[in-house]
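The values are calculated or read from the model by the stated rules, or taken from the named source; none is laboratory data. If you're wondering where the values come from, they're calculated on a predicted model, not measured in any experiment. So basically every Cβ, Gly included, is an ideal-geometry build from the backbone, and we count neighbours across all protein chains shown.
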Amino acid sequence: MTAIWLKILPYIAALLIGAVGAWMWQANSYGKIIADSNASYQADLTSIANAGAAQARQALEKQQIAEQALADLDQKNQKEKTDGLAENEKLRLAAADSARRLRIAGSCRSGGGNVSGTTSASGLGNASTVELSAAAGSTVFDIRAGIIADQAALKALQSYVMSVCR
């Protein structure tokens, strides 16, 4: 029986050596596949990270352009509002110094509205002017300043919507 084992032993040894060799070859092959897969994964991650960084830069540039456009619009509209209010104040001071007078042109129909026919004929007449008192003139300039501010705000909003929000 020992003789049979001695004859079979080289075959068993060859079989074991072949199995170990095949196992090592397969492990090396799997290692290469895993390494290639890892390299591909890292390349994909790098590509995704670079694309994300590019998108972030583009978004930041767009935001900065929009902020600059908004600042320019704000500056322009603020200047127009300031100029309008300065002109209103100049007119207010001229009226207060009696350099200019604030008058309102108007006409009254005889027999119409709250004015009687006799008052209309002997009073104001048609297409005449009415000079306002200092207090009434000041109120008119206050109202005009509010209108200037409201129109400037409306124009600023319209400019914002047309330029920035597109």
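Checking the conditions here, which among I4, I104 is under 54 Å from the mean Cα position of the chain (by Cα) and of a type in the set (V, I, T)? Full working, then the answer.
On the way: I4 fails: under 54 Å from the mean Cα position of the chain (by Cα).
Residue meeting the stated conditions: I104.
Would you tally the residues in the stretch 116-139 being β-branched (V, I, T) and at pLDDT 75 or above? First the steps, then the outcome.
Of the residues in the stretch 116-139, the ones β-branched (V, I, T) are 118-119, 129-130, 139.
Right, trim to at pLDDT 75 or above and you get 129-130, 139.
Matching residues across the stretch 116-139 total 3.
From L9, L102, L45, L15, which residue is closer than 30 Å to L154 by Cα and surrounded by 10 or more Cβ atoms within 10 Å (Cβ to Cβ)?
Numbers: L9 fails: closer than 30 Å to L154 by Cα; L45 fails: closer than 30 Å to L154 by Cα; L15 fails: closer than 30 Å to L154 by Cα.
Testing whether each residue is closer than 30 Å to L154 by Cα and surrounded by 10 or more Cβ atoms within 10 Å (Cβ to Cβ) leaves just L102.
For the stretch 57-71, which positions are within 21 Å of A152 (Cβ to Cβ) and surrounded by 13 or more Cβ atoms within 10 Å (Cβ to Cβ)?
Result: A69, L70.
Among the residues of the stretch 82-93, is any closer than 30 Å to A136 by Cβ, polar (S, T, N, Q) and in contact (Cβ under 8 Å) with a residue 12 or more places away in the chain? It would help to see each step written out before you state the result.
So the first thing to find is which residues in the stretch 82-93 are closer than 30 Å to A136 by Cβ, and the list is 82-93.
Those still in the list that are polar (S, T, N, Q) too: 82, 88.
Next cut, in contact (Cβ under 8 Å) with a residue 12 or more places away in the chain only: 88.
Yes; the residues of the stretch 82-93 include at least one that is closer than 30 Å to A136 by Cβ, polar (S, T, N, Q) and in contact (Cβ under 8 Å) with a residue 12 or more places away in the chain.
With respect to the numbered conditions (1) more than 46 Å from the chain's Cα centre (by Cα); (2) modelled with pLDDT of 90 or more, which one is the sole condition not fulfilled by G113?
The number of the failed condition is (2).
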